[in-house]
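I have placed the structure first, in the form of structure tokens, so that the comments after it can refer back to it.
The values are calculated or read from the model by the stated rules, or taken from the named source; none is laboratory data. Remember, it's a predicted structure, so these values are computed and weren't measured experimentally. Counting neighbours? That spans all protein chains shown, and the Cβs are built from the backbone with ideal geometry, glycine included.
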Amino acid sequence: MTSNVTTTPETDNNDVAYLDDPNSAGSKGYWADAWGRLTRNRMAVLGLIIIIVNMLLAIFAPVVAIEGIDDQNTEEANAAPAWVINLFPILKARDETFDSSGGEVLAIMGQQVNEGDLLIDFAGDNLTASVAGTVFVDARRFYLIPDTIEVARFDISDSTRLSVSNLDDVVAGDTLFGDTTAPYDGVVHIVNNQLALQPETTWRRDGTEVQVENLQTVAVGDVLLVREDGTEVLAPFAGTIFVTRNNVELALIPPLEFDVPEGSEIEIRDGREVDAGTVLFDDVTTPITGDAFIVDNKIYIRQSEQWLLGDSGLTVSDTQSVAAGDALIDTSNRNIYANMSGTVFIGGDDVILTASDVQRYDLSDNSVIHVADEQVVSIGEPLADDVTANIQGTVYVTDSEVLVLPVSTGYTPLRNKYPIGADYLGRDLWSRLVFGARVSLLAAFIGPLVSILVGMPYGLISGYFGGAVDNWMMRFVDLMYAFPTLLLIILLMAFFRSSAASTQPGTFVYQMGEIDRATGGVFFIFLGIGLTSWMRLARLTRGQVLSARETEYVTAARALGQSTGQIMIRHILPNILGPIVISETLTIPTYIRFEAFLSFIGLGVNAPTPSWGNMISDGAAVLRNYPHEALFPALALFLIMFAFNFLGDGLRDALDPRLRGVD
Amino acid sequence: MGRFIARRILWMFLVLFVVSLVTFFLMRAVPGGPFDKERDFPDSVIENIEARFGLDQPLIIQYLRYIGQIVVPTVTEPGPPRSTSEDYLFTINLPGGESALRWMNFGPSLVNRSRSVTDMFRENLGVTFQLGIAAIIVAVAIGLPAGIVAALNRNTIWDYVGMGIATVGVSVTAITLGPFLQYLLGVELKLLPISGWGTAAHYIMPAFTLGFAQAAIIARLTRASLLQVLNEDYIRTARAKGLNGRRILWMHVLKNGMIPVVTVLGPITAFLVTGSFVTEQIFAIPGIGRAYVQSIGNRDYTLIMGTTLLFAFVLVLANTIVDISYGWLDPRIRYE
């Protein structure tokens with residue numbers, strides 16, 4: 001703006017003794033006094049705190065960040081943790097597709113699920129109930145006894161005198177209380193007013209005569225072992241026997257059986273535990289976690305019934321009844337839970353959870369189905385004899401139902417790995433945010449730095465010498481000032497980038513390009529901001545010097561024979577510093593905005609380097625589906641600009657109380 | 001006064017001249033050219049293409065020819081443009097119907113070779129200006145009343161709320177406000193179209209995105225300026241004289257209080273034009289700002305020159321009008 005008018009009293013005289021302000025009385029200096037006033041301004045202090053927190057985050061970014069800025073984690077792409085999903089309703093209210101490859105699918109086709117139900121169990125990361133059953137927990141392990149086994153439960157009252165205590169081992173026939181005896185070998189669990197007997201399923205072989213064969217199915221009462229003293233161990237329940245080196249084990253859950261074709265190579269070892277998803281042979285994988293047994297050309301996976309508690313967080317309590325799909329232990333952060341009530345569909349490698357608007361058609365009255373499974377239908381297409389599709393989508397045909405799944409519009413996987421989710425490449429947003437703070441804050445300091453190093457001396461010289469020097473120097477500034485700043489920066493950016501990219505090693509420009517590459521593209525942004533930022537301060541300084549050089553103290557200094565340089569640096573400069581500091585602080589948001597703008601339009605930092613500008617740009621592209629990717633960096637950018645604005649306002653009030661409340 | 005205006009306009013053209021010179025030579029110093037993205041042509045083919053667009057001439061000749069095409073009006077046959085190299089922005093059919101006066105030919109686009117830059121302006125410039133005007137309306141319609149209300153009710157809840165919002169306002173940029181509005185009003189509440197251009201509803205979010213920060217600046221400035229005016233002696237005199245409050249407000253306070261506000265209209269125009277780069281990208285608006293950013297990446301020399309000159313012209317013109325309007329608003333200001 002080329003203006004002949006001063007609208008603010010910045011160029012007024014510069015007497016700095018604010019005798020009218022009672023706080024300035026006493027021996028405190030100008031700056032100490034200003035600091036006192038600044039710290040009494042609540043918003044300025046808030047701004048200062050935000051800036052300091054940001055600076056700390058930026059400085060300690062490698063420590064605070066969870067991952068590097070370019071650690072791509074495809075399966076985390078666009079994922080968000082629960083609190084973020086709850087923050088943005090759009091993330092919740094849409095179909096969801098989960099990749100189930102490598103995980104065990106626990107939901108069944110067409111099953112209605114509720115919020116928090118576990119859908120997929122990823123190998124090794126967590127355990128889920130593979131059958132409905134009863135959980136028993138002791139100090140170090142917990143056990144799942146399937147519902148097919150009738151667990152002995154006895155109601156006890158407070159007055160019942162028990163003959164056993166909690167977690168006692170009992171053998172069949174031992175007295176539990178009164179005249180009630182244990183029907184089988186097991187461990188006593190007493191919870192509230194109930195006594196449950198957890199069946200014993202593992203017996204030591206040493207000193208016994210094994211009466212059963214490996215993989216033999218046994219019925220209740222079959223003799224399993226004969227001890228040295230002649231007592232027999234009877235099978236308390238029907239099940240499958242596994243004879244291992246040390247133990248005879250009764251598997252209550254029927255084992256999975258795989259026939260290995262001739263010529264196939266078995267890729268697991270006998271007796272080893274395998275995780276769900278482990279390849280057994282060829283391309284056959286085990287759907288469950290358990291112990292593998294290889295007998296001839298068959299592989300048996302014996303489902304585990306007992307697990308070490310370890311450090312995991314147990315989500316079930318002792319003797320609780322659970323259903324398939326409920327989470328038992330949450331050992332890691334990679335579980336997938338249904339994040340809304342809806343309907344589950346399983347197709348190929350995907351598990352799709354869709355909101356409640358699924359069309360269901362009951363097949364009970366023997367009508368003829370006109371559609372095939374997974375066929376795509378549009379509205380009005382017949383599904384069965386007298387039923388047409390009322391939504392566009394994919395058909396799923398089960399034994400009893402025809403379901404139409406609406407066309408999927410995208411999904412947000414619920415993952416807790418990253419605190420505020422991941423971007424479209426599965427990079428941690430939080431880590432990129434704290435590294436991006438470096439770029440923004442550097443822009444906030446480079447702008448004023450260049451201004452003060454270039455603009456201030458320029459204005460000082462121009463204003464102090466006046467005359468023709470002043471005239472020419474200021475004409476140049478006027479001309480540069482009239483040049484549209486953003487256009488100039490955009491042109492300069494394009495110029496720097498391509499020049500540096502095409503020069504030979506050894507030249508100055510090449511060195512600049514190397515610096516830029518090393519700094520992730522930050523260097524040229526700062527060069528562009530620096531080259532355009534100094535003019536404003538040059539003008540302001542000149543105006544201040546013009547009035548300062550007419551003051552008595554300058555005349556006095558001149559009369560004392562001080563040199564020009566001394567007068568400028570020791571007398572004029574300290575007296576005009578206040579308005580300069582105010583002005584530069586108030587301009588900092590502009591520098592931050594320039595950097596964000598440039599990065600947003602793709603002329604800023606180089607690709608993997610995060611800047612809030614290019615993070616918003618990336619996020620804005622997927623705003624409809626994943627708003628969190630744009631809104632978190634936008635919030636960060638807003639906060640830092642907000643903080644600098646308030647700090648600038650506060651500094652102005654503190655350094656120049658005459659302006660307080662004027663603007 | 002007349003001399004001042006003449007000097008301002010001369011200065012304006014000097015600035016535009018420097019802008020064109022700097023842009024042209026900076027742009028040509030950038031390695032790479034508009035034909036880099038084509039398949040590997042033999043050198044002879046590239047030479048032919050360059051000769052076709054006059055890029056084989058010395059730089060200074062190219063510069064003069066380009067500026068000449070824009071500045072110097074020509075008289076040609078009437079009718080639609082014969083080629084993309086002869087597409088003029090303004091055409092006046094001269095009396096007699098045998099010739100037409102044409103002015104401002106920005107040349108053919110070097111990358112998008114079926115179109116001329118003039119043609120792109122015709123199509124896209126209107127959109128950018130409509131957006132800019134809508135944003136100015138938002139800025140003034142929100143900023144001015146807010147500033148006035150805050151000043152007249154100083155240190156009341158209105159003042160604090162208004163200035164609180166204004167401080168938030170100056171801290172938001174198009175790239176923070178745009179996605180936020182899109183999410184809230186477009187995705188979540190489904191009140192407004194998320195992006196695109198065409199209907200009245202499409203204007204609201206981009207205009208607000210572009211204008212809100214400026215509204216905040218105007219509000220702060222209006223308040224500050226009015227507070228200063230309210231303390232002036234002539235207001236006290238007017239009150240003492242027994243003028244009614246409304247008359248004092250309109251005739252004395254507002255007229256004098258508006259002067260500083262007018263001074264920021266220049267920079268605000270600059271903001272609205274340059275802000276359009278980002279806003280157009282966020283809301284997928286087919287304006288010239290998007291074309292400009294793309295043209296730099298493509299080294300589309302004629303489009304870069306055309307748009308830079310155009311933006312610079314708008315900004316410099318706005319500043320010149322502001323400079324001239326001071327004297328009209330405040331007769332105490334003497335022109336140098």
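A few comments on the model shown:
- Residue count, region A:501-550 (criterion: without any contact (Cβ under 8 Å) to a residue 24 or more places away in the chain and small (Gly, Ala, Ser)): 5
- Filter pass, residue A:447 being touching a residue at least 60 places away in the same chain (Cβ under 8 Å) and surrounded by fewer than 16 Cβ atoms within 10 Å (Cβ to Cβ): no
- Any hit, region A:478-487, residues being buried (at least 18 other Cβ atoms within 10 Å of the Cβ) and not in a helix (DSSP H, G or I): yes
- Of the candidates A:529, A:490, the single residue that is under 37 Å from the mean Cα position of the chain (by Cα), crowded, with 18+ Cβ neighbours inside 10 Å, within 14 Å of chain B (Cβ to nearest Cβ) and under 26 Å from residue B:27 (Cα atoms) is A:490.
- Residue selected from region B:160-180 under the condition more than 7 Å from chain A (Cβ to nearest Cβ) and free of Cβ contacts under 8 Å to residues at least 12 places away in the same chain, by the criterion nearest to residue B:217 (Cα to Cα): B:164
A quick yes/no check of all residues on (1) facing chain B (nearest Cβ under 10 Å); (2) among the acidic types (Asp, Glu); (3) farther than 26 Å from residue A:576 by Cα:
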residue: A:431; (1), (2), (3): no, no, yes
residue: A:446; (1), (2), (3): no, no, no
residue: A:450; (1), (2), (3): no, no, no
residue: A:477; (1), (2), (3): no, no, no
residue: A:481; (1), (2), (3): yes, no, no
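- For region A:571-611, the tally of residues that are assigned to a loop (DSSP other than H, G, I, E, B) and either crowded, with 23+ Cβ neighbours inside 10 Å or modelled with pLDDT of 85 or more (or both) stands at 7.
- Put simply, of A:23, A:73, A:14 the only residue that is modelled with pLDDT of 75 or more and either loosely packed, with under 15 Cβ neighbours inside 10 Å or not β-branched (Val, Ile, Thr) (or both) is A:73.
- Conditions (1) part of a helix (DSSP H, G or I); (2) closer than 23 Å to residue B:87 by Cβ; (3) at pLDDT 80 or above; number of the one not met by residue B:294: (3)
- Enumeration of residues in region A:624-644 that are more than 26 Å from residue A:47 (Cβ to Cβ) and in a helix (DSSP H, G or I): A:629
- Lone unmet requirement of (1) free of Cβ contacts under 8 Å to residues at least 60 places away in the same chain; (2) surrounded by 12 or more Cβ atoms within 10 Å (Cβ to Cβ) for residue B:34: (1)
- Of all residues in region A:501-526 being more than 14 Å from every other protein chain (Cβ to nearest Cβ) and closer than 19 Å to residue A:444 by Cβ, the one that is surrounded by the fewest Cβ atoms within 10 Å (Cβ to Cβ): A:519
- Checked against (1) crowded, with 23+ Cβ neighbours inside 10 Å; (2) facing another protein chain (nearest Cβ under 9 Å), residue B:283 meets all criteria but (2).
- Residue list for region B:235-261, restricted to those being surrounded by fewer than 20 Cβ atoms within 10 Å (Cβ to Cβ), more than 10 Å from chain A (Cβ to nearest Cβ), touching a helix residue (DSSP H, G or I) at 6+ places or on another chain (Cβ under 9 Å) and of a type in the set (A, V, I, L, M, F, W, C): B:235, B:238, B:243, B:248, B:249, B:251, B:254, B:258
- Among the residues listed as A:555, A:541, the single one being at pLDDT 85 or above and crowded, with 23+ Cβ neighbours inside 10 Å: A:541
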